[in-house]
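Worksheet: the structure to be examined is printed underneath.
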Amino acid sequence: VFLLCLIGLSGAEKKAEPVGAVVAWTGDVSIFREGEGKKIQVKKMEPLYAADTILTEVNSRAKILMKDDSIISLGQNASVKVKGYVYERKGNFRSAAFRIVSGNVRAIVGSFFRGKGSFFKIETHTAVVGVKGTDFIVATKGKETEIITIGGDVYAANISPSISKEVVVSAGHTSTVAENAPPTLPEPVSEERMDELIEDTYIPVTKPLELEEEGCVSCHNEVAVFVSKQSYQHPETLNKCAVCHIKENVKES
């Protein structure tokens, strides 16, 4: 259920264009739609709009697929707001900003964009984390923010512009940003801590995606039908989904 391309609009939602969707979830997950002032319980694939806030309760998880193929995974008791999102495929441009209110959040950034002014960043109450790599986790705890990089490099700084120090957190390292303080120097993260955070933001897939004969459609027909109705689709839509979509999360049943 990790395949989705939300460039087109579905009939009843022409007032705004989705920027992504909740494509996988467990437990109690909801979306607060700021523009409508209402809370939506996630019971099926749910489109995501700019300014929406995604919330997970205890023992709950959620996975979001953005239009640029970036993946945001929320652990339990987490809350993330889409602060702003612009994606222009032809112009090779993306500006994406998310605000973590609480909880642990993993981001897997699928592509780099060379368009002038492009960025991808996540903010917390103490830190701002930007992409120089592909896979990282941001964990909020009290008045501190912990950044753990799984792949590539990310930069971390205090959210206050008066604190100018910035560090680059490379794969396998961590840094902490406390209130009114610069980020700590990156240091190796323990295997136990890495495993703990990956587990909290992980939604398992119980069947292999790479099905040689029938493809992903054999397990994910509902998703395939939805995608087939969109105005833009990946070249490999409906037959080689696993090329792009979270192969490391696949479990053999």
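The values are calculated or read from the model by the stated rules, or taken from the named source; none is laboratory data. Keep in mind it's a predicted model, so treat the numbers as computed, not measured. Cβ sites come from the backbone with ideal geometry, for glycine too, and all protein chains shown count toward neighbours. What goes into the accessible areas is simple: the full protein's heavy atoms, side chains included, and nothing from ligands, DNA or RNA. Shrake-Rupley method; radii C 1.70, N 1.55, O 1.52, S 1.80 Å.
Would you mind finding the one in 146, 123 that is in contact with a helix residue (DSSP H, G or I) (Cβ under 9 Å, 6 or more places away or on another chain), among the acidic types (Asp, Glu), farther than 26 Å from residue 90 by Cβ and modelled with pLDDT of 85 or more? Checking each option against the conditions leaves just 146.
Residue check: residue 75 meets all listed conditions (1) out of contact with any helix residue (DSSP H, G or I) (no Cβ under 7 Å at 6 or more places or on another chain); (2) at negative phi but one, namely (1).
Can you work out which of the residues in the range 5-41 that are part of a loop (DSSP other than H, G, I, E, B) and either among the β-branched types (Val, Ile, Thr) or in contact with a Gly (Cβ under 8 Å, 6 or more places away or on another chain) (or both) is modelled with the lowest pLDDT? By that ranking, first place goes to 7. Checked against (1) among the small types (Gly, Ala, Ser); (2) under 20 Å from residue 109 (Cα atoms); (3) open to solvent by 10 Å² or more (accessible area, probe 1.4 Å), residue 37 passes all but condition (2). Considering the range 53-91, the residues that are among the β-branched types (Val, Ile, Thr) and buried (at least 22 other Cβ atoms within 10 Å of the Cβ) include one that is farthest from residue 27 (Cα to Cα), namely 82. Here the condition is being within 13 Å of the chain's Cα centre (by Cα), without any contact (Cβ under 8 Å) to a residue 60 or more places away in the chain and in a strand (DSSP E or B); of 63, 81, it holds for 81 alone.
In summary, no strands (runs of 3 or more DSSP E) completely within the range 92-196 bear 3 or more residues that are open to solvent by 10 Å² or more (accessible area, probe 1.4 Å) and β-branched (Val, Ile, Thr).
Considering only residues that are of a type in the set (S, T, N, Q) and modelled with pLDDT of 90 or more, which ones fall in the range 42-90? Matches in the range 42-90: 53, 56, 59, 60, 73, 76, 77, 79.
Within the range 118-139, residues that are touching a residue at least 60 places away in the same chain (Cβ under 8 Å) have Cβ atoms under 6 Å from residues that are open to solvent by less than 30 Å² (accessible area, probe 1.4 Å) in these pairs: 137/106; 137/148; 137/197, counting only partners at least 6 apart in sequence or on another chain.
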